[in-house]
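Note sheet for the following structure.
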Amino acid sequence: MFILETLRLYTPVYTGFIRDIGKEATLGKLTGLDGVQCHIPFIMIHHDPKIWGEDVHAFKPERFLDGIAKATNNNPTAFMPFGMGHHMCAGSNFAINEAKITIAMILQRYSLTLSPGYVHAPHPGLTLRPAYGIQIILNAL
């Protein structure tokens, strides 16, 4: 749950994606014609209070207690940290499994504490990353 909530708050691909509208299409009140590009920023969707509630900026892993479908009210486009459809990141399952294994291995051996000098500063680029690195103190168990 905490990995999913982290992916929601700090989407790995910050920029989202751009798609060409290949034919005349309607999106709400907008009509797009062939050749128009549509930019879909994941971070905006993942921080939309209409989807996630007024506490959208709070870290609440329990949002995902009953799975992604329940957290998004069965809206498949509300949570897409790795894209969706045939444009979805081929390494998404590997990335999630790698994160689970790495975190499990670290927590078996260490307790974690934020450094007193920690500054929360996500830095947007192609990917979202901490501007000043991950400042944590590892204490052997």
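The values are calculated or read from the model by the stated rules, or taken from the named source; none is laboratory data. Owing to the predicted nature of the structure, the values given are computational and were not obtained by experimental measurement. Reconstructed Cβ throughout: ideal geometry from the backbone, glycine too, with neighbour counts over all protein chains shown. For accessibility, only protein heavy atoms count, side chains too; no ligands or nucleic acids. Shrake-Rupley method; radii C 1.70, N 1.55, O 1.52, S 1.80 Å.
Any idea what the dipole of the chain comes to, in debye rounded to 20, about its Cα centre with Lys/Arg Cβ at +1 and Asp/Glu Cβ at -1? The partial results should precede the final answer.
Numbers: 11 positive and 10 negative charges, 36 e Å.
Magnitude of the dipole: close to 180 debye.
If the cut-off is 18 Å between C-alpha atoms, which aspartates and glutamates fall inside it for Lys100, apart from same-chain ones fewer than 8 positions away?
Straight-line reach from Lys100, under 18 Å: Glu5, Glu62.
From largest to smallest, what semi-axes in whole angstrom does the chain give when each is the square root of 5 times an eigenvalue of its alpha carbon gyration tensor? Present the calculation step by step, with values, prior to reporting the outcome.
Values: eigenvalues 215, 55, 47 Å².
Output for the chain: semi-axes of 33, 17, 15 Å.
In a shell of Cβ-Cβ distance under 14 Å around Pro41, excluding Pro41 itself, what net charge do Lys and Arg (+1) and Asp and Glu (-1) give?
So the environment of Pro41 carries a net charge of +1.
For labels at Glu62 and Asp48 in the simple 7 Å Cα→Cβ model, what's the distance in nm?
In this crude label model, Glu62 to Asp48 measures out at 2.6 nm.
In the stretch 1-92, which GluC sites (Glu not before Pro) fall in coil by DSSP and have 15 or fewer other Cβ atoms within 10 Å? If you can, show how the numbers build up before the last one.
On the way: sites: Glu5, Glu24, Glu54, Glu62; in loops: Glu24, Glu54.
Here the GluC sites (Glu not before Pro) that fit, given the DSSP loop and packing criteria, are Glu24, Glu54.
Mind grabbing the accessible area of Asp66 for me, 1.4 Å probe, Å², rounded to tens?
Asp66 has an accessible surface of roughly 110 Å² with all protein chains in place.
Taking only Cα atoms, what is the 0 to 90° angle, nearest 10, from helix 92-109's long axis to the longest principal axis of the chain?
Approximately 10 degrees, to the nearest ten.
Can you tell me the alpha carbon radius of gyration of the stretch 72-141 divided by the globular rule-of-thumb value 2.2 N^0.38 Å? Mind dumping the intermediate values first?
Working: Rg = 16.0 Å, N = 70, 2.2 N^0.38 = 11.1 Å.
Against the compact-globule rule of thumb, the ratio is 1.45.
Lysines within cross-link reach of Lys50: Cα-Cα under 17 Å, excluding same-chain residues under 8 positions apart?
Of all the lysines, those that pass the test against Lys50 - Cα under 17 Å, at least 8 places apart if same chain - are Lys60, Lys70.
Quick one: order Leu30, Leu128, Leu112 from most to least accessible surface, probe 1.4 Å.
On the way: Leu30 120, Leu128 35, Leu112 85 Å².
Descending accessible area places them as Leu30, Leu112, Leu128.
For the stretch 81-122, take N as its residue count and report Rg(C-alpha) divided by 2.2 N^0.38 Å. Mind dumping the intermediate values first?
Details: Rg = 15.1 Å, N = 42, 2.2 N^0.38 = 9.1 Å.
In units of the globular-protein estimate, the stretch 81-122 measures up at 1.66.
Only loop residues by DSSP count here, and only those with at most 14 other Cβ atoms within 10 Å; note down the chymotrypsin sites (Phe, Trp or Tyr not before Pro) in the stretch 45-141 that meet that.
Values: sites: Trp52, Phe59, Phe64, Phe79, Phe82, Phe94, Tyr110, Tyr118, Tyr132; in loops: Phe59, Phe79, Phe82, Tyr118, Tyr132.
Within the stretch 45-141, the qualifying chymotrypsin sites (Phe, Trp or Tyr not before Pro) (loop, at most 14 other Cβ atoms within 10 Å) are Phe59, Tyr132.
Can you bin the stretch 42-116 into rounded, prolate or oblate? Criterion: square roots of the alpha carbon gyration tensor eigenvalues sorted a ≥ b ≥ c, rounded for a/c under 1.5, prolate for a/b above b/c, oblate for the rest. Please list the in-between numbers first.
On the way: a/c = 2.17, a/b = 1.34, b/c = 1.61.
It is oblate, given that a/c is not under 1.5 and a/b is not larger than b/c.
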